[in-house]
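Accompanying notes for the structure given below.
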Amino acid sequence: IRDFVPIQMQGQNQRSAEVLNITILSVGTIKEKYLTDALKEYIKRLGAYARVTEVQCKDEHLPDNPSAGEIRAAVEKEGKKILDALPKRAYVCALCIEGKQCSSEQFAARLDALATDGYSDIAFIIGGSDGLSEEVKSRADWKLSFSQMTFPHQLMRVILCEQLYRAMNILGGGKYHK
């Protein structure tokens with residue numbers, strides 16, 4: 001729990017000994033302003049605990065009625081872009097349906113354990129509407145599923161950032177999580 005204290009505490013210029021670097025790699029862009037606004041708000045809040053970098057990989061254009069092969073090829077191309085954009089030393093978490101689900105407290109505990117184990121760079125990967133390539137999933141150190149339900153990948157970015165903020169708040173003893 002000691003690893004994720006706010007970078008700035010109540011306006012002071014004190015910095016924590018270790019700063020968590022979070023990279024959010026996602027496919028496609030967010031077009032809806034309300035989602036962009038929510039994402040910006042949570043990234044701003046996370047700034048008290050971590051450095052957050054967003055990397056958006058361009059999604060592959062598909063025809064109106066793509067074949068399974070065309071979809072697979074597009075997912076593979078997106079996967080190569082994701083793998084090329086991954087920070088070299090990052091612990092990689094892929095958000096995918098095959099992943100394990102956990103509570104907010106378990107998520108926070110996992111992040112704390114990673115910091116204790118010396119990981120200061122964590123990359124979260126969110127695929128496009130057709131998911132992640134097998135190559136990306138096999139590169140992941142952790143496969144995480146937020147639900148058995150399906151969410152739009154643009155909304156998933158907001159949900160991830162909210163849960164990251166909640167986890168940091170849990171670890172920092174804040175009042176956000178009840």
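The values are calculated or read from the model by the stated rules, or taken from the named source; none is laboratory data. Keep in mind that this is a model prediction, so the values were computed, not measured. Cβ: placed from backbone, ideal geometry, glycine included. Neighbour counts: every protein chain shown. Just the protein is used for accessible areas: all its heavy atoms, side chains included, with ligands, DNA and RNA removed. Shrake-Rupley method; radii C 1.70, N 1.55, O 1.52, S 1.80 Å.
Looking at (1) surrounded by fewer than 19 Cβ atoms within 10 Å (Cβ to Cβ); (2) under 26 Å from K31 (Cβ atoms), find the lone condition where C57 falls short. Every listed condition holds for C57 apart from (1).
Scanning the range 93-111 turns up no residue that is without any contact (Cβ under 8 Å) to a residue 12 or more places away in the chain, part of a helix (DSSP H, G or I), of a type in the set (A, V, I, L, M, F, W, C) and under 23 Å from T53 (Cβ atoms). Screening the range 112-125 for residues that are of a type outside the set (G, A, S) and in a loop (DSSP other than H, G, I, E, B) and picking the one that is most open to solvent (accessible area, probe 1.4 Å) gives D117. Checked against the criteria, L25 counts as closer than 17 Å to I159 by Cα and of a type outside the set (D, E).
From the list G11, G47, G28, pick out the single residue that is out of contact with any helix residue (DSSP H, G or I) (no Cβ under 6 Å at 6 or more places or on another chain), at pLDDT below 95 and within 17 Å of Y165 (Cα to Cα). Unique residue meeting the criteria: G47. Could you list, in sequence order, the residues of the range 77-86 that are open to solvent by 10 Å² or more (accessible area, probe 1.4 Å) and either at pLDDT below 95 or part of a helix (DSSP H, G or I) (or both)? Those that are open to solvent by 10 Å² or more (accessible area, probe 1.4 Å) and either at pLDDT below 95 or part of a helix (DSSP H, G or I) (or both): K77, E78, K80, K81, L83, D84, A85.
One residue stands out in the range 60-76 among those that are under 25 Å from F124 (Cα atoms) and in a helix (DSSP H, G or I): the one that is most open to solvent (accessible area, probe 1.4 Å), namely R72. Within the range 22-51, which residues are in contact with a strand residue (DSSP E or B) (Cβ under 7 Å, 6 or more places away or on another chain) and surrounded by fewer than 14 Cβ atoms within 10 Å (Cβ to Cβ)? Result: T29, single match. Taken over the range 126-145, the residue count meeting the criterion of being outside any helix (DSSP H, G or I) and surrounded by fewer than 17 Cβ atoms within 10 Å (Cβ to Cβ) is 4. Close contacts from the range 41-68, counting a first residue that is among the acidic types (D, E) and a second that is open to solvent by 50 Å² or more (accessible area, probe 1.4 Å), with Cβ to Cβ under 6 Å and a gap of 6+ residues or different chains, come to E60/K77.
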